[in-house]
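All remarks here apply to the structure that follows.
What follows draws every value from the coordinates through simple rules; no lab data is involved. A quick note: this is a predicted structure, and the numbers were derived from the prediction, not measured. We place every Cβ from the backbone using ideal geometry, glycine too, and count neighbours over all the protein chains shown.
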Amino acid sequence: MAKQIVIVSGKGGTGKTVISGAFSTIAKNKVIVDADVDAADLFLLLNPTNSKVTKFSGGKKAVIDLGKCVKCEKCKNNCHFDAIDEDFIIDEIQCEGCGLCAGICLSGAISMIPVDSGEWYISETVYGIFVHAKLGIAEENSGKLVSLVKQKAIEIAKANKSDWIIIDGPPGIGCPAIAALGHTDCVVVVTEPTLSGFHDAKRVIELANHFKLLVKVIINKCDLNQLITEEIERYCIDNQIEVVGKIKYDETVIQSIVNGQTLMDYQVFGQKDVLLNAWNKIVAAIN
Ligand code: SF4
Ligand code: SF4
């Protein structure tokens, strides 16, 4: 079984994706997943090609067949979302797809139709197979899409006898994050030394602890606030969590993103050894 490493953060913009990109470069024989489906951007660093595209349906919407409808008004009067108008036309935006109307319509006039909520892809990269997705604008059910891309990656890893699954996870502690964390072998929490960053990171760590998962921490831009960095380190010691890497603020990180290269491939990035050491410590802890 391939070991799953998920890279997460308390909030977006902490450097989670560049670290995922770096680990995707370092790890051998792996499948890479972008499970941050609401803001998928790992593809910018991995430059995927030959993508196989599949539609994703995250939910259903009700549709009334007016030829069968006897206008009893039952559906209209019971819809909690006021989605059905006086002409028995269902507003697609208002409809939450709860299925109540279809269940109570005695004429069998209402069908629940799957709706396209996004797409997911299996792509090739120079680093290995890459499973990623794009959720439609304002679409929900991202937890379902995260579970789907993870499951596909597990199947590919099994077929290819891969050793690792590297997952760029969603930020926060919501349903998508819970879906990304499930059954992983190591949760790498990326944080920055700000009060809000530390607070958000602690919530992710508590979530991972709740699922009894192995947690490691990387402090990004560690030199921006030495006091909070030390506070994070103390918290980690108190909670027996290893800080596997501290990355100093470095303008070349942004340049690497603009150039579409992972940090390990970006010639002028000077802290490759920090990421390599962090990876080695994670591997040692898992093994
Ligand atoms: S419950 Fe069925 S029959 Fe009654 S108004 Fe709605 S769609 Fe028409
Ligand atoms: S599926 Fe639910 S929300 Fe949509 S129209 Fe029917 S009762 Fe209303």
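Summed over all non-identical Cα pairs, the Kirkwood treatment of the stretch 58-116 gives a radius of 11.2 Å. Note: the chain, Cα convex hull, 154 Å³ per residue.
Listed by chain and number, the lysines placed with their C-alpha closer than 18 angstrom to that of LYS3 are LYS28, LYS30, LYS150, LYS152, LYS158, LYS161, LYS212, LYS216, LYS281; residues fewer than eight positions away on the same chain are left out. Among LYS60, LYS68, LYS52, which one shows the biggest mean-square fluctuation in a GNM of the chain, springs joining Cα atoms closer than 10 Å? Maximum fluctuation in the GNM of the chain, among the listed residues, is at LYS68. Comparing mean-square fluctuations of SER24, SER196, SER256 from a GNM of the chain with C-alpha springs under 10 Å, the top value falls on SER196. Under 22 Å between alpha carbons, and skipping anything fewer than 8 positions from LYS76 in its own chain: which lysines qualify? The qualifying lysines are LYS60, LYS61, LYS68. Placing a pseudo-label 7 Å from each Cα along the Cα-to-Cβ vector at ASN78 and VAL53 gives an inter-label distance of 4.0 nm. How large is the helix-only mean residue ellipticity at 222 nm for the chain, computed as the sum of -39500 (n - 2.57) over DSSP H runs with n ≥ 4, divided by its residue count, in deg cm²/dmol to the nearest 500? That calculation yields -10500 deg cm²/dmol at 222 nm.
Ranked by how many other Cβ atoms sit within 10 Å of their own Cβ, fewest first, the residues LYS61, LYS30, LYS161, LYS74 fall in the order LYS161, LYS74, LYS61, LYS30. Bridging of LYS74 to aspartates and glutamates at a Cα separation below 20 Å is possible for ASP65, ASP82, ASP85, GLU86, ASP87, ASP91, GLU92, GLU96, once same-chain residues fewer than 8 apart are set aside. The distance linking the stretch 72-93 with the stretch 8-51 is 43 Å (Cα centroid to Cα centroid, whole angstrom).
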